[in-house]
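Written below as structure tokens is the structure these notes are about.
The values are calculated or read from the model by the stated rules, or taken from the named source; none is laboratory data. Note that this is a predicted model, so its numbers are computed, not measured. Don't worry about glycine lacking a Cβ; one is built from the backbone with ideal geometry, like all the others, and counts go over all protein chains shown. The accessibility values were calculated without ligands, DNA or RNA, using every heavy atom of the protein model including side chains. Shrake-Rupley method; radii C 1.70, N 1.55, O 1.52, S 1.80 Å.
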Amino acid sequence: KRQIFTKMKHEKAKEKKKRRKAAAEMREALGESAPPKPVPHTTESLRAPDITTVQEEDEEVAADAQNDEFAQYFNCEISPKILITTNKKSSLETRKLLDELVNVIPNSEYVKRGKVDMKDLVKQSTEREYTDIIVINEDMKKPNSIIVCHLPEGPTATFRLSSVKLKKQLKRHGNATQHRPEVILNNFKTRLGHSVGRMLGSLFHFDPEFRGRNVVTFHNQRDFIFFRRHRYVFKNNVRVGLQELGPRLTLKLRRLQKGTFDTTGGEYEWYYNHKQMDVNRRTFFL
């Protein structure tokens, strides 16, 4: 039965390839008069309408961006200075991920957490003029969440961490240089997504060194934020390829809190509640 199913699946894929080839030849023959290419129906393309969706050249969003917590960074008035640490007792897997994040994010450094509480860590980091804190937490000796706290006045975001692959686990990976990467924020469509995208973008230096051909991508798809780092590879004057440098990981927003980290008296701007938010599979928040 398995062989019959495999054969049917192979024949179906072969027929699909023939139809695509015939359609491509027809569009090439018709030229400009060819009908538009059909858009495939996906969960992302059929997402439910959201009143908070950001439109192009939205004056209200642009005005808010000029006065939010990240305005100084995007106006090139300050440069990011990132402190990266872990939970109080970190495992080897977490420290490996930490080492790679320090290599990815320019002007970042690892500081051992020790027995310092999060509130004290925020206070000490603010006094030392850090702009952001990244804390990698773990469960069962594997990294499972990341806290990003913007200083000195917040906000603070908590992400679930999954699908972590370090550089050595990637096939045909490249070796990164010390050049500051270009940052691409893709598919953050709502007001919440816009805020999260600006928060992630502000971790990297605003002035990339294009000579290094390094690019960091935060791609949002169905509220999962895929993090990738690549290098442009120019094969000739026409063709350009990408070589992955690592690490590779996936983030999913759990909480966005106003101000710095505060689990008792903090005010949440957005909080994930699966009982209320997972009712419709086509509803997305970023």
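Listed values, structure above:
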item: Distance between the range 60-114 and the range 270-286 - C-alpha centres, whole angstrom; result: 27 Å
item: Listed peptides 183-194, 104-115 by packing density, highest first (mean Cβ within 10 Å); result: 183-194, 104-115
item: Nonlocal amide H pairs with ASP132, under 5 Å, H built at 1.01 Å; result: LYS81, LEU83, LEU151
item: Between the range 15-48 and the range 148-227, the Cα center-to-center distance that results, in Å; result: 32 Å
item: Spacing of the two label points (7 Å from each Cα toward its C-beta) at GLN221 and LYS168, in nm; result: 2.9 nm
item: Inter-label distance, nm, simple model (7 Å from Cα along the C-beta direction), GLU109/GLU93; result: 3.0 nm
item: At R0 = 30 Å, FRET efficiency that the Cβ-Cβ distance of ALA48 and ASN144 yields, to 0.05; result: 0.55
item: Built amide H within the under 5 Å cut-off of ARG180, gap 5+; result: GLU209
item: Phi-based couplings in Hz for the range 91-106 (Karplus 6.51, -1.76, 1.60; Gly and Pro marked x); result: 8, 5, 4, 5, 5, 5, 5, 4, 4, 6, 5, 4, 6, 7, 8, x
item: Apportionment of accessible area to carbon and sulfur, the range 190-241, percent (1.4 Å); result: 51 percent
item: ³J(HN,Hα) computed for each position of the range 70-79 - Karplus, 6.51 cos²θ - 1.76 cosθ + 1.60, integer Hz, glycine/proline x; result: 9, 4, 4, 5, 5, 8, 6, 8, 9, 10
item: Karplus-derived HN-Hα couplings along the range 30-35 (A = 6.51, B = -1.76, C = 1.60, θ = phi - 60°), whole Hz, x at Gly and Pro; result: 6, x, 5, 7, 5, x
item: Options (1) 18.5; (2) 21.1; (3) 17.3 - which one matches mean projected area of the Cα convex hull in nm² as calculated here; result: (2)
item: GNM result for the chain, Cα springs below 10 Å: residue of GLU269, GLU93, GLU15 fluctuating most strongly; result: GLU15
item: Carbon plus sulfur fraction of accessible area for the range 26-88, probe 1.4 Å, in percent; result: 52 percent
item: Highest-fluctuation residue, THR250, THR131, THR42 considered, GNM on the chain with Cα pairs under 10 Å; result: THR42
item: Two-site FRET efficiency, GLU15 against ILE78, from Cβ-Cβ distance with R₀ of 45 Å, rounded to 0.05; result: 0.20
item: Dipole magnitude of the chain, debye to nearest 20 (Cβ charges: Lys/Arg +1, Asp/Glu -1, about Cα centre); result: 2880 debye
item: For ASP58, solvent-accessible area (1.4 Å; no DNA, RNA or ligand), Å²; result: 50 Å²
item: 1.4 Å probe accessible area per residue over the range 84-165, in Å²; result: 52 Å²
item: Estimated D of the range 39-106 in µm² per second, where Rh is the Kirkwood radius over Cα pairs and Stokes-Einstein applies at 37 °C, 0.692 mPa s; result: 197 µm²/s
item: Heavy atoms of LYS96 accessible to a 1.4 Å probe, total area in Å² rounded to 10; result: 90 Å²
item: Accessible heavy-atom area order of MET199, MET140, highest first, probe of 1.4 Å; result: MET140, MET199
item: CD proxy at 222 nm, helix term only [per DSSP H run n ≥ 4: -39500 (n - 2.57); per residue of the chain; nearest 500]; result: -8500 deg cm²/dmol
item: Listed residues PRO155, PRO49, PRO36, most fluctuating in the chain (Gaussian network, C-alpha, under 10 Å); result: PRO36
item: Accessible area per residue, Å², the range 186-286 with all protein chains present, probe 1.4 Å; result: 54 Å²
item: Rounded to the nearest 10 Å², the accessible area of LYS37 at probe 1.4 Å; result: 150 Å²
item: FRET efficiency for ASP68 and ASN175, using Cβ-Cβ distance with R0 set to 45 Å, rounded to 0.05; result: 0.80
item: Amide H within-cut-off set for ASP223, under 5 Å, with H built and near neighbours excluded; result: LEU286
